[in-house]
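Data block below; observations after.
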Amino acid sequence: MNKQQKAGVFMKLRAVICLALSTLLLIAGCSQSSNGPNTAENHDSVQTDRSNAESRNDKSAADQNDVKDHSSTASTPKLGSLNQTLQAIQKQLNDQKQLFLPDYVPIEDGKYRSAVVTEQASDYSVTFKQTNTPAAVNDPSLAHAKTIAAIRARTFQNKNDAAKQINHNTFSASDGKAVELGHGITGYADAGAGTAGISWNEGRWTLASLSPTSDAADGTDLAREIVAYLEQHRLPIPHQYGTVQVYTDKRQSIVRWQAGAAMLELTGTIPPLTLIKIACSIQKFD
């Protein structure tokens, strides 16, 4: 073999060796890539996805528990709660064509609600009570419990007879001295027989705030408080009229309105504005 042939063989051998080395380096690089940083990133990604999935599962379980607890509370209200009391009253008066009840009956902290219910034909009365321990509706112990307020319904032969139970007036300057009560409403002050009063109209309602003559200012203040409250809240819609008569002293306040052939009356010796709040919460229960 001459020198030229030897040189050709050497060049081919070197090319083969270089190709083999390149292949080995490429394989090593791929192996390192598959077992190195990218593997760690993939592991972190899997862990993150798993954590997110666990978080979603925990939230779903919590949501289900919330729904379960809410459903249990809604379906089985505790004795002495307002919901339980209202449900018991509705069950007692389930044959009434028109049943009006408040969904706001305030009590002192740590006390409970109950009621004494009576029914005669299409008339009924519900006296809400405050108790120290839970008591069922019409429990004998309620005879000695504190009265919060009472609502009474009387049904007449027709609407005209019911309307006669409502003394509706439209007040003007002839009814007394004009007094601004706020929100564009004017009341009219008058006094007599030891009682001072402020009377005014709101829609189809006539209202009067009464007090002893020596405390006439209290009656004016109460009238303004009621006007301010009724600016944001609404008394029951009367058909046709309604009246409010509240007292600043211990006399019984009255809210009375017509509902078709029925006359509804809410009474109580609690603070007058509280009675107004109860009246505004009254709704028809079917």
Of all residues in the stretch 250-286, which are at pLDDT 95 or above and of a type in the set (Asp, Glu)? 265
For the stretch 84-104 the number of residues that are of a type outside the set (Ser, Thr, Tyr) and in contact with a helix residue (DSSP H, G or I) (Cβ under 8 Å, 6 or more places away or on another chain) is 4
Determine, yes or no, whether residue 150 is more than 19 Å from residue 278 (Cβ to Cβ), of a type in the set (Gly, Ala, Ser) and assigned by TED's automatic domain parsing to the domain that holds residue 123. no
Residue by residue through the stretch 216-235, note down the ones that are surrounded by fewer than 13 Cβ atoms within 10 Å (Cβ to Cβ) and over 25 Å from the mean Cα position of the chain (by Cα). 217
Read through the list (1) within 23 Å of residue 229 (Cα to Cα); (2) in contact with an Asp or Glu (Cβ under 8 Å, 6 or more places away or on another chain); (3) of a type in the set (A, V, I, L, M), then give the number of the only condition that residue 153 fails. (1)
Where residues in the stretch 128-184 are more than 22 Å from residue 253 (Cα to Cα) and without any contact (Cβ under 8 Å) to a residue 12 or more places away in the chain, which of them is surrounded by the fewest Cβ atoms within 10 Å (Cβ to Cβ)? 174
What tally of residues in the stretch 236-270 results from selecting those that are hydrophobic (A, V, I, L, M, F, W, C) and surrounded by fewer than 21 Cβ atoms within 10 Å (Cβ to Cβ)? 5
Do we have residue 196 as surrounded by 16 or more Cβ atoms within 10 Å (Cβ to Cβ), among the hydrophobic types (A, V, I, L, M, F, W, C), farther than 28 Å from residue 162 by Cα and touching a Ser or Thr at 6+ places or on another chain (Cβ under 6 Å) here? yes
Test for residue 153: is it within 32 Å of the chain's Cα centre (by Cα), outside any loop (DSSP other than H, G, I, E, B) and closer than 24 Å to residue 204 by Cα: yes
Yes/no for residue 123 being more than 18 Å from the chain's Cα centre (by Cα), farther than 19 Å from residue 282 by Cα and modelled with pLDDT of 95 or more: no
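The values are calculated or read from the model by the stated rules, or taken from the named source; none is laboratory data. Because the structure is predicted, anything quoted here is derived from the model rather than measured. FYI the Cβ positions are ideal-geometry reconstructions off the backbone, even for glycines, and counts take in every protein chain you see.
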